[in-house]
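So the structure is just underneath, and the comments pick up after that.
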Amino acid sequence: MGSFFYMSNNPIGFFDSGIGGITLWKEVHNLLPYENKIYLADSKNLPYGTKSDKEIERISFENSEFLLKKECKLIIVACNTATTKCIDKLRKKFEIPFIGIEPAIKPAALNTKTGKVGVLATEGTLGSNLFYKTSNKHANSVKIIEQSGKGLVKLIEQGKMDGDKIKNLLKKYLQLMINENVDKLVLGCTHYPLIIKAISNILPETIEIIDCNKAVAIQTKKVLETYRIINLNKIESENQFYVNSENSILGKIIDNRFNITKI
């Protein structure tokens, strides 16, 4: 393993196709406030959900190499599509731990009362082998209603999170699940928690919204402890944000508390 691997004060790296992974960064930051973190907003290549497997693999390798040059001790692939398409290849290629994310089908399937679970995700995630395997493994006796959230990421990245365009799209996408009597809605994209208010306004109270961000934060802590690279210094963490294209929304999402560097 690389010489920097065991240095506990090295940062945790994150990458996603823009601002979506900030929802996951926030959960990790809340749970591990003393960990240094670097977030790469790959706005140049968004959205990932419509790209080919080969494109996503190339992009994910490039983003990982950027974070490794920053001496990250662990990388969180803060994107469902990139996780489902190439997390195994990233783990084989690089020596540090990688944590991926995937739709939280397991808890939804275990706790549904109606036996029907909705999944709102990108085309790339819904069409992946990993999503297929996860659905079959955890939801054999549960009906999964899949819905592609085409167009949502683009609007979110433009900061249009509560306008008529996104409301109309959500009504169209969620009505099928409401009609099917789902009682759990799994958010299968890190961008979607940014519009959770708009989603909640459309769904009846009987449908619980589930995402995987808290579970991923807990898993991150476990991995850091397992590898003995958790930062035990009780000092304020350093958080760096990088963007590779113009992105005026990121500053608003992180409340302009941190510096954003254009690369």
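The values are calculated or read from the model by the stated rules, or taken from the named source; none is laboratory data. Predicted model only: the values in this text are computed from it and were never measured. Cβ coordinates were reconstructed from backbone atoms using ideal geometry, including for glycine residues, and neighbour counts include every protein chain displayed. The accessibility values were calculated without ligands, DNA or RNA, using every heavy atom of the protein model including side chains. Shrake-Rupley method; radii C 1.70, N 1.55, O 1.52, S 1.80 Å.
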Of the conditions (1) closer than 30 Å to Ala41 by Cα; (2) open to solvent by less than 10 Å² (accessible area, probe 1.4 Å), Met177 satisfies every one except a single condition; which number is it?
(1)
Residue among Gly49, Gly118 that alone is assigned to a loop (DSSP other than H, G, I, E, B) and of a type in the set (Gly, Ala, Ser)
Gly49
For segment 183-201, name all the residues that are open to solvent by 10 Å² or more (accessible area, probe 1.4 Å) and not in a helix (DSSP H, G or I).
Asp183, Lys184, Cys189
Collect the residues in segment 206-257 that are part of a helix (DSSP H, G or I), open to solvent by less than 30 Å² (accessible area, probe 1.4 Å) and modelled with pLDDT under 90, keeping them in residue-number order.
Ile249, Leu250, Gly251, Ile253
Selection within segment 1-21 - surrounded by fewer than 24 Cβ atoms within 10 Å (Cβ to Cβ) and at pLDDT 80 or above
Ser8, Asn9, Asn10, Pro11
Find the residue count for segment 70-86, including only residues that are within 20 Å of Tyr227 (Cα to Cα) and either open to solvent by 10 Å² or more (accessible area, probe 1.4 Å) or among the basic types (Lys, Arg) (or both).
3
Please pick out the residue among Leu120, Leu90 that is surrounded by 23 or more Cβ atoms within 10 Å (Cβ to Cβ), touching a strand residue (DSSP E or B) at 6+ places or on another chain (Cβ under 8 Å) and farther than 17 Å from Lys51 by Cα.
Leu120
Glu146 - would you say it is among the acidic types (Asp, Glu), in contact with a helix residue (DSSP H, G or I) (Cβ under 7 Å, 6 or more places away or on another chain) and closer than 24 Å to Ser43 by Cα?
no
Can you tell me which condition Asp42 does not meet? The list is (1) open to solvent by 50 Å² or more (accessible area, probe 1.4 Å); (2) acidic (Asp, Glu); (3) touching a residue at least 12 places away in the same chain (Cβ under 8 Å), and all the others hold.
(1)
Out of segment 124-143, which residues are open to solvent by 20 Å² or more (accessible area, probe 1.4 Å) and either closer than 24 Å to Ser52 by Cα or assigned to a helix (DSSP H, G or I) (or both)?
Leu126, Gly127, Asn129, Leu130, Tyr132, Lys133, Asn136, Lys137, His138
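For every residue, the table says whether it meets (1) in contact (Cβ under 8 Å) with a residue 40 or more places away in the chain; (2) under 24 Å from Glu95 (Cα atoms); (3) among the basic types (Lys, Arg).
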| position | (1), (2), (3) |
| --- | --- |
| Lys221 | yes, yes, yes |
| Arg228 | yes, yes, yes |
| Asn231 | yes, yes, no |
| Lys234 | yes, no, yes |
| Asn239 | yes, yes, no |
| Ser245 | yes, no, no |
| Ile253 | yes, no, no |
| Asn259 | no, no, no |
| Lys262 | no, no, yes |
